[in-house]
Structures are given as structure tokens and as C-alpha cells.
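Report on the structure given below.
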Amino acid sequence: MKILHLYHDLMNLYGDYANISALCRILKTNGTEYSLDKKSITDELSLLDYDFIFVGSGTEQNQRLAMRHLEAYKEDLKEYIESGKFALFTGNSFEMLGSKIQSFLGET
């Protein structure tokens, strides 16, 4: 199983790295082979190479940075999801999958 912890450095507001840590511990305990990659806005992405993508929650500023980067991979992400693979976006990161986000100050 290939796992991608996407924006691990930006989208980790509530210690979301612990979700990935727990997942890896369970996989290891069950004898499941896995690899974990951590990627961020300075990295090129090949989303279809992964079986599971995780994105945690972040500040509005970090969410905007991640969203700008993810925009370039919009079609790849759509293909990834439509292929039946799994992704978990927690907290406010799921908002990046929508058509717009309204900030606390009302900016769109």
C-alpha cells in the first residue's frame, strides 16, 4: 500500500500527523506492507501512484497555499477519486475539493 501524506508541513493544525502514524502502526501490526511519502507545495505530484491520500487541516493561509498547488493537479485528483482509490481530507482541508471557500473575513 502506497500512502501519500500531502501537505504534511502546512496542513497539520491539530497534529494530524498522528492520524497517519496510527494508520501506519495498524498496517504494520496487521503485517501489511506499506510505504509513506510526504509531499508539499515544492513537490511534483503523481497522485495515481498512491493507494491512499491524506490531507489534514490547516490555517486559512496554509490552506490557500496548498489549494493553489493542488489546483494544478485538479484533473489528476478527479481521476484518482473516480478510479475508486481512497482519500481522507480532515478538518477544513475538505473545503479544497469544492468550488470556492469563504474565509472568516468573508473573502471568497
Quick check: is even one residue across the range 31-43 in a helix (DSSP H, G or I) and at pLDDT 95 or above?
no
Could you give me the residue pairs with C-beta distances under 6 Å whose first residue belongs to the range 23-42 and is open to solvent by 100 Å² or more (accessible area, probe 1.4 Å), whose second residue is modelled with pLDDT of 95 or more wherever it lies, and which are 6+ apart or on separate chains?
38/5; 38/8
Of all residues in the range 1-10 being among the hydrophobic types (A, V, I, L, M, F, W, C) and not in a strand (DSSP E or B), which is surrounded by the most Cβ atoms within 10 Å (Cβ to Cβ)?
10
Subset of the range 11-21, residues more than 17 Å from residue 87 (Cβ to Cβ) and open to solvent by less than 70 Å² (accessible area, probe 1.4 Å), comes to 15, 18, 21
Residues (of a type in the set (Lys, Arg) and exposed (fewer than 12 other Cβ atoms within 10 Å of the Cβ)) located in the range 46-81
68, 74
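The values are calculated or read from the model by the stated rules, or taken from the named source; none is laboratory data. Source: prediction; values computed, not measured. Neighbour counts run over all protein chains shown; Cβ positions are idealised from the backbone, glycine included. Remember, those area values only see protein heavy atoms, side chains included, never the ligands or the DNA or RNA. Shrake-Rupley method; radii C 1.70, N 1.55, O 1.52, S 1.80 Å.
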